[in-house]
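Asker: I have a structure I would like to understand better, so I am pasting it below and will then ask my questions one at a time.
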Amino acid sequence: MAHWFHRNPLKATAPVSFNYYGVAGSPAANKICNDLRTTRARLLDMFTDSTCNPEMMKNATDAYFSLLQGFIAALDGTTQENKMRFIQNFKWTDTLHGNTPSAQQDAIFELASMAFNVALWYTKFASRLAGKENVTEAEAKDVHKSLKVAAGIFKNLKEVHVPRLITPAEKGKDLEPRVMDAYIIQSQAEAQEVTIARAIELKHNASLIAALAFETANFYQKADHTLNTLDPEYSSKWRKYLQLKQQFYMAYAYCYHGQTLLASDKCGEAIRSLQEAEKCYSRAEALCKEYRHTSGPGSTAKPSEQLFFLKLGALIKNTLEKCQRENGFIYFHKVPAEAPQLELKASYGLAEPVGFEMPPLSEQCTPEVYATFDLTKGAKNDKGKPKEEEVKPVKEPDLKPQKDTGCVLS
């Protein structure tokens, strides 16, 4: 089965030198600052390296976050804030707001923003892998896991780190609860798409596939409703994607529910379910066109021309024709006027976020070294600081799917 996923752009950030002009009062303190600069730069490079894999990303993430926590965790044995937390101003753009940056002088803002980008990278890695022509079972599992890892990172940020910010995120910005919820739910829904593909490939029971599709459609609807109070100027394209996927998986649910009804000799109800699948599919097709012509962050793909979309259309048509033939020869059932109410619950296959935890504090960050940072020696040198660099857009690898993309699970 083929997959196509909408992706918002990566966050961009201004370079940070971590040069503290006398504040770092020992060689060990200076080494921490130098290592923060190099590990940050290395992690940022990983975001745009098309050869980067999850293991490389985790190593780069752990290297930077283990040091950055030395500016967040209490290292002096008290419950007071780390004295280094507010020393540095960090600038980050937001995925829905172009190249206009937000800035906070807070190491937790940096931690949350960088981790948000790590989660985005996992979703983009999954999208790139799922866009290959012949995806192996191992690669499909990587897609599935990467999406659940992304969901886990977003969830951890929302519940643990973002609430610690002194300045709450502005409306519609990445660290705002509604936006974070949408990313969490979308990642889970996309992971379930891979589960559905596997269930279809292995010819699992139609009732299980229908239930998974119904749950996935509900996830997409929930994500869409989460964004409905945001400004349409920057949220419309993303919402069109969520809406078309919701209708697409409702079509799947009605299609496979129809197969279940036919297997239970309820041919009239099966026909009505397949007719409803056709309606959902037509609505998804219309939303695909609206998606293409809606401006905003994200790709300019033509989802209705992708293999995943075309295959469902053929399946619905063929299944409906089969039901109609059977009804004309065998059952002679009346077709109900009302579509069946789907009250399907999946017992298996629901995607849960993979738990995420920050790496342990670096061994370099000891109370003894922490004590050698002296904030009183930094203020007099403020005028000598170089001008802050501007935030440059991230040049991302081309993630456009190939013409005959597929996620075939063999």
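The values are calculated or read from the model by the stated rules, or taken from the named source; none is laboratory data. From a predicted model like this one, the values you see are computed outputs, not experimental measurements. Reconstructed Cβ throughout: ideal geometry from the backbone, glycine too, with neighbour counts over all protein chains shown. Only protein heavy atoms, including side chains, enter the accessible area calculation; ligands, DNA and RNA are left aside. Shrake-Rupley method; radii C 1.70, N 1.55, O 1.52, S 1.80 Å.
Asker: Tell me which of these residue 58 doesn't satisfy, since it passes every other one: (1) among the charged types (D, E, K, R); (2) in contact (Cβ under 8 Å) with a residue 40 or more places away in the chain; (3) open to solvent by 40 Å² or more (accessible area, probe 1.4 Å).
Answerer: Unmet for residue 58, out of (1) among the charged types (D, E, K, R); (2) in contact (Cβ under 8 Å) with a residue 40 or more places away in the chain; (3) open to solvent by 40 Å² or more (accessible area, probe 1.4 Å): (2).
Asker: Out of 390, 352, 343, which single residue is within 20 Å of the chain's Cα centre (by Cα) and either modelled with pLDDT under 80 or assigned to a loop (DSSP other than H, G, I, E, B) (or both)?
Answerer: From the options 390, 352, 343, the qualifying one is 352.
Asker: Next up: Just name the residue that is nearest to the chain's Cα centre (by Cα) out of those in segment 61-81 that are in a loop (DSSP other than H, G, I, E, B) and buried (at least 20 other Cβ atoms within 10 Å of the Cβ).
Answerer: Among residues in segment 61-81 that are in a loop (DSSP other than H, G, I, E, B) and buried (at least 20 other Cβ atoms within 10 Å of the Cβ), the one nearest to the chain's Cα centre (by Cα) is 72.
Asker: Now a separate question. Give the number of residues within segment 140-188 that are out of contact with any Pro (no Cβ under 7 Å at 6 or more places or on another chain), small (Gly, Ala, Ser) and either at pLDDT 95 or above or buried (at least 23 other Cβ atoms within 10 Å of the Cβ) (or both).
Answerer: 4
Asker: In segment 20-33, which residue that is in a helix (DSSP H, G or I) and surrounded by fewer than 15 Cβ atoms within 10 Å (Cβ to Cβ) is farthest from the chain's Cα centre (by Cα)?
Answerer: Taking segment 20-33 and keeping what is in a helix (DSSP H, G or I), we get 27-33.
Now narrow it down to the ones that are surrounded by fewer than 15 Cβ atoms within 10 Å (Cβ to Cβ): 27, 31.
Working: 27: 40, 31: 35 Å.
Among residues in segment 20-33 that are in a helix (DSSP H, G or I) and surrounded by fewer than 15 Cβ atoms within 10 Å (Cβ to Cβ), the one farthest from the chain's Cα centre (by Cα) is 27.
Asker: Sticking with this structure for a sec: If you take the residues of segment 207-235 that are among the aromatic types (Phe, Trp, Tyr) and more than 16 Å from the chain's Cα centre (by Cα), which of them is farthest from residue 179 (Cα to Cα)? Lay out the reasoning, then the answer.
Answerer: Residues of segment 207-235 that are among the aromatic types (Phe, Trp, Tyr), as a first pass: 214, 219-220, 234.
Pick out the ones that are also more than 16 Å from the chain's Cα centre (by Cα) and you get 214, 234.
Details: 214: 23, 234: 12 Å.
Going through the qualifying residues, I end up with 214.
Asker: Quick one: is residue 122 among the aromatic types (Phe, Trp, Tyr), more than 18 Å from residue 163 (Cα to Cα), open to solvent by 10 Å² or more (accessible area, probe 1.4 Å) and assigned by the TED database to the domain that holds residue 11?
Answerer: yes
Asker: Another question, if that's okay. Condition test on residue 262, is it closer than 28 Å to residue 143 by Cβ, in the same structural domain as residue 330 (by the TED database) and in contact with a helix residue (DSSP H, G or I) (Cβ under 9 Å, 6 or more places away or on another chain)?
Answerer: No, not satisfied.
Asker: So, one more: Considering (1) part of a helix (DSSP H, G or I); (2) open to solvent by 30 Å² or more (accessible area, probe 1.4 Å); (3) out of contact with any helix residue (DSSP H, G or I) (no Cβ under 7 Å at 6 or more places or on another chain); (4) in contact (Cβ under 8 Å) with a residue 24 or more places away in the chain, say which one residue 278 fails and leave the rest.
Answerer: (3)
Asker: Can you name every residue in segment 304-314 that is surrounded by fewer than 19 Cβ atoms within 10 Å (Cβ to Cβ) and under 24 Å from residue 270 (Cβ atoms)?
Answerer: 310, 311, 313, 314
Asker: Out of 200, 209, I need the residue that is hydrophobic (A, V, I, L, M, F, W, C) and either surrounded by fewer than 23 Cβ atoms within 10 Å (Cβ to Cβ) or touching a Cys at 6+ places or on another chain (Cβ under 6 Å) (or both). Which one?
Answerer: Unique residue meeting the criteria: 200.
Asker: Further, regarding this structure: Out of the residues in segment 103-138 that are more than 30 Å from residue 67 (Cβ to Cβ) and of a type in the set (D, E, K, R), state the one that is modelled with the lowest pLDDT.
Answerer: Among those that are more than 30 Å from residue 67 (Cβ to Cβ) and of a type in the set (D, E, K, R), it is 133.
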